[in-house]
């Protein structure tokens, strides 16, 4: 089930004139989390490795750690079960045990907020906004406060909230349903090939960000690719809608 959080109504959308000039009919902003707003996947991998060593007596190798980048817990757990059939945890236990040790890892090495993330969350405050992530809900709620007060969303869909994870469009479709929006009114911001495919399948305008693409995903299926979120501005949204707006809404 999704959750709706209170909007940060006291925060102005943006103090610069540019933020008030979004003339397209894009109303909703749908964000991925890891690799898009923050880089915490490598910290999650370390937490998962510690959890398995302490709780299962299993030493995860680099493949297991690297596999989590850009993937949902559904895919991660299936891989772990295949590679380590002696494990006894189910998916929910694996997520919970990993989450318990993420705080330990964050205290040691912190979490990286990717360039431009805070500014984008500032200027999109007050507009319909959703978070659609392959991370678990507990992981998302661990990370969002580390970004800041601006990291508040009207709706959050995490890995446990959908029957099918990215590249399927379920999470984005569900978020739009709760927000009362249709695909041509929404822009999706992603980093991974599965996330981009999910946004396109949902019929939305999709922007990919290179900064957190540590998995080296092919981002060419996005409508537009930017180096960092610093380039994600209201004027860019207008420009992209002018080019692609008439073709949005169809399931791809």
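Readers should treat all values here as calculations from the given coordinates under stated rules, not as data from a laboratory. Computed from a predicted model, the values in this text were never measured in an experiment. As a convention, Cβ positions derive from the backbone with ideal geometry for all residues, glycine included, and neighbour counts pool all protein chains shown.
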Would you please classify the overall shape of region 168-252 from the alpha carbon gyration tensor, given that a ≥ b ≥ c denote the square roots of the eigenvalues, rounded means a/c under 1.5, and beyond that prolate means a/b larger than b/c while oblate covers the rest? oblate
Taking region 41-109 and dividing mean pair separation by its residue count, relative contact order in percent (alpha carbons under 8 Å, at least six apart): 46 percent
Return the Rg/Rh ratio of region 33-156 with Cα-based radii and a Kirkwood Rh. 1.00
Angstrom value of the Kirkwood radius, inverse mean 1/r, which spans all Cα pairs in region 123-207: 13.0 Å
Let me have the 222 nm mean residue ellipticity of the chain computed from DSSP H runs of 4+ only, each contributing -39500 (n - 2.57), with the sum over all residues rounded to the nearest 500. -12000 deg cm²/dmol
On a 0 to 90 degree scale, rounded to 10, what angle separates helix 73-83 from the longest Cα axis of the chain? 30 degrees
What ratio of Cα Rg to 2.2 N^0.38 Å holds for region 41-109? 0.99
Here the FRET efficiency for residue 235 versus residue 138, based on Cβ atoms and R0 = 35 Å and rounded to 0.05, is 0.45
Working from Cα positions, state the angle (0 to 90°, nearest 10) between the long axis of helix 234-244 and the longest principal axis of the chain. 80 degrees
Working note, the chain: Cα radius of gyration (Å, one decimal) and Dmax (Å, whole number) are 17.8, 59
Taking the 0 to 90 degree range and rounding to the nearest ten, how far is the long axis of helix 91-109 tilted relative to the main principal axis of the chain, both from C-alpha atoms? 80 degrees
